[in-house]
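Here the structure is laid out as structure tokens; the discussion comes afterwards.
The values are calculated or read from the model by the stated rules, or taken from the named source; none is laboratory data. Everything quoted here is computed from the prediction, not taken from an experiment. Ideal geometry is used to build each Cβ from the backbone, glycine not excepted, and the neighbour counts take in all protein chains shown. Just the protein is used for accessible areas: all its heavy atoms, side chains included, with ligands, DNA and RNA removed. Shrake-Rupley method; radii C 1.70, N 1.55, O 1.52, S 1.80 Å.
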Amino acid sequence: MRKLNKKHLAGFSCIIAVLFMAPLIVLAVVYHSNQRRNDFVPGSVDIKVNEGNDSSDEGEELTKDYKWELSGETYIADKNVRINDSRRFSGEMIRLCFIPMWYDSSGNVCAVFNFGTPTRSENKLTYTDSTDKTLTLNLVADWEENGWSYNSSDGCFYYSGTSDSSGLTAQLLDSVELSKAAYDVLAADYVFRLDVLADAIQKTEGSQRWSNSAT
């Protein structure tokens with residue numbers, strides 16, 4: 001059997017060393033390539049919903065009762081929604097979502113109305129049940145000119161405008177409208193509730209989370 005001389009032995013040793021080191025080099029490259037700086041900053045989370053009741057007590061907002069008034073063939077209840085704007089950075093915008101629900105006398109959410117995806121027609125968002133009962137959110141007439149926009153793909157409103165001297169955004173919602181057919185069937189046994197979820201997010205991708213819920 002032919003013996004390996006020192007020259008051949010050194011060559012084989014180099015090959016083995018390269019094979020051993022290669023995975024470590026690749027791992028180091030991958031590791032360092034993942035060390036990318038994240039410039040995103042979480043949005044503010046201390047935004048509050050203001051419904052124009054001249055009260056700083058959020059508890060009153062959370063327990064606000066709807067007073068339906070008959071107007072023609074529909075029932076209307078005031079719901080003046082603005083946001084106490086606490087954005088900390090110029091790169092943030094406010095995101096807002098309306099969540100309509102019906103509750104029974106025990107406070108349980110009831111599936112007595114199939115809200116589904118609302119349809120938008122100018123200043124109205126309308127939910128239509130399979131039995132033709134309707135619920136409509138009436139937006140203020142100039143909401144789009146005042147900094148609000150609507151994204152139908154996620155059902156959220158976005159605000160990039162400024163706040164007034166009292167720290168409030170421009171008003172978005174004016175009232176809630178319920179068809180007489182829906183009111184006659186539901187109002188006697190159930191309580192309607194419209195949750196308003198709002199948070200501050202960056203105008204680009206980044207951290208975001210809901211910050212407030214009020215009815």
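Scanning region 64-86 for residues that are touching a helix residue (DSSP H, G or I) at 6+ places or on another chain (Cβ under 7 Å) and open to solvent by less than 60 Å² (accessible area, probe 1.4 Å), which turns out farthest from GLY167 (Cα to Cα)? Even if it seems obvious, please write down each step before you answer.
Of region 64-86, the ones touching a helix residue (DSSP H, G or I) at 6+ places or on another chain (Cβ under 7 Å) are 68, 73-75.
Filter again for open to solvent by less than 60 Å² (accessible area, probe 1.4 Å), leaving 68, 74-75.
On the way: TRP68: 30, THR74: 34, TYR75: 32 Å.
Among them, the one singled out is THR74.
Just give me the residues in region 157-206 being open to solvent by 30 Å² or more (accessible area, probe 1.4 Å) and acidic (Asp, Glu), in sequence order.
Selection gives ASP164, ASP174, GLU177, ASP184, ASP189, GLU205.
Can you run down the residue pairs with Cβ atoms below 6 Å, 6 or more apart or on separate chains, where the first is in region 56-83 and at pLDDT 65 or above and the partner is open to solvent by 80 Å² or more (accessible area, probe 1.4 Å) and of a type in the set (Val, Ile, Thr)?
Listed by first residue and then by second, the contacts come to nothing, as the list is empty.
Only one residue in SER71, SER106 is among the small types (Gly, Ala, Ser) and under 16 Å from ARG193 (Cα atoms). Which one?
Numbers: SER71 fails: under 16 Å from ARG193 (Cα atoms).
Sole residue among the options that is among the small types (Gly, Ala, Ser) and under 16 Å from ARG193 (Cα atoms): SER106.
One line per residue, one yes/no per condition, for (1) surrounded by 14 or more Cβ atoms within 10 Å (Cβ to Cβ); (2) modelled with pLDDT under 90:
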{"site": "ILE94", "(1), (2)": "yes, yes"}
{"site": "CYS97", "(1), (2)": "yes, no"}
{"site": "PRO100", "(1), (2)": "yes, no"}
{"site": "GLY107", "(1), (2)": "no, yes"}
{"site": "GLY116", "(1), (2)": "no, yes"}
{"site": "ASN123", "(1), (2)": "yes, no"}
{"site": "THR126", "(1), (2)": "yes, no"}
{"site": "SER130", "(1), (2)": "no, yes"}
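Of all residues in region 111-123, count the ones that are more than 20 Å from LEU197 (Cβ to Cβ) and touching a strand residue (DSSP E or B) at 6+ places or on another chain (Cβ under 7 Å).
3
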